[in-house]
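A short worksheet on the structure shown next.
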Amino acid sequence: MDLDLVFLGTSGSLPTAQRSPAATLLRRGGERLLFDCAEGTQRQLLRSTVGLPELAEIFLTHFHADHYGGLPYMLKTFALRGREIPLTVYGPAGLRDLFAALRRIFGRLPYEVALVELGAGDSLERDGYRLDAFAVDHGVSGVGYALVEHVRPGRFDVEAADRLGVPAPMRGRLQRGEPVGDVRPEDVLGPPRPGRKVVLTGDTAPSARVIEVAHGADVLVHEATFCEDERERAHETLHSTAAEAAEVARLAGVQLLALTHLSTRYSGGDVAREARAVFPETVVPRDFDLIEVPFRERGGPQLVKGGALDRPPEPVSSVP
């Protein structure tokens, strides 16, 4: 099953000509999960190869305007398009109060919007994976999100099944962990294979909790609002420097670190150079870049520059 991340907004609090504020789309099979929805997110989607889908779920990390400012306008667009299917919005404590204030902007909607407040430790069980909410350190009510796929059965040994005389129509039962006569699943299956893990922090200072949650992740998407020259400012505002985010990735043992939420003070190159001195497997996506996350037996995660634009993508690269 395909899994990737589409970076729709990679700037910090202010948009620039090249970067929009925070929004990331996670695609898993046919599912589309939007994390944060800053100003201009629906236009970013429309400019991309994704288009503006009838999103079923939107996840907010916290309630600073650069993370939810585009949401009321997206809700209104859905209404003007005649949407009827329900939408669920998830976020930390205070989500209902936020929507009470935003209703004067988007007005009445012809579809149901369910609001689900999540706290650290809450988990949403899905088909083949779960979504965990975890605590971050940003001084306001906020959560990060980790998508953790279930462990998969080991590879099916066709030759072993042939030797044991397992009829082809019955082999699916063994793959599901069910015995077939005297044949046990372990007789024809290799060792269990891990699923994938993708962690998105939202805004946060460096945090031991993030290190714990991100342990062994395929991809960690971490903010890097500042570089080390503004370390004191980063600590005052409970943000991270690029070097600090890289140290989190190093301690967590992730495969790939993707840095977002860049201040207008810095270029992607500035941020990448600082982070790679600590953790070489770092990328700094631009808007419309994507990261493909294959199963580990098929290779590691890869940045595809411009991969969500309606033109041939640039070659796979780790250069920001």
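Please treat every number below as a calculation from the coordinates, not as lab data. These numbers come from a predicted model, not from an experiment. No Cβ is skipped: glycine too gets one built from the backbone with ideal geometry, and neighbour counts run over all protein chains shown.
For region 14-85, a crude dipole built from +1 on the beta carbon of Lys and Arg and -1 on the beta carbon of Asp and Glu, taken about the Cα centre, is about 240 debye to the nearest 20.
Per-peptide packing, taken as the mean over residues of other Cβ atoms within 10 Å, places 9-21, 192-204 in the sequence 192-204, 9-21 from highest down.
Note down the net charge around LEU14, summing +1 for each Lys or Arg and -1 for each Asp or Glu among other residues with Cβ under 12 Å from its Cβ. Cβ neighbours under 12 Å give a net charge of 0. Along its first, second and third principal axes, ordered by size, region 209-295 spans 38, 29, 20 Å in Cα coordinates.
With contacts taken as Cα pairs under 8 Å and at least 6 residues apart, the chain reaches a relative contact order of 16 percent.
Taking Cβ atoms as reference points and 15 Å as the exclusive limit, the residues near LEU80 contribute a net charge of +3, counting Lys and Arg as +1 and Asp and Glu as -1.
Counting only Cα atoms, the size of region 85-149 along its three principal axes is 36, 33, 11 Å, in decreasing order.
When the chain is treated as a Gaussian network with alpha carbon springs shorter than 10 Å, the biggest mean-square fluctuation among ALA160, ALA243, ALA214 belongs to ALA160. Note on region 208-320: dipole from Cβ charges, positive end direction compared against VAL271, LEU290, ALA243; the farthest Cα belongs to LEU290.
Each peptide in 78-88, 226-236, 143-153 was scored by the mean count of other Cβ atoms within 10 Å over its residues; highest first, the order is 143-153, 226-236, 78-88.
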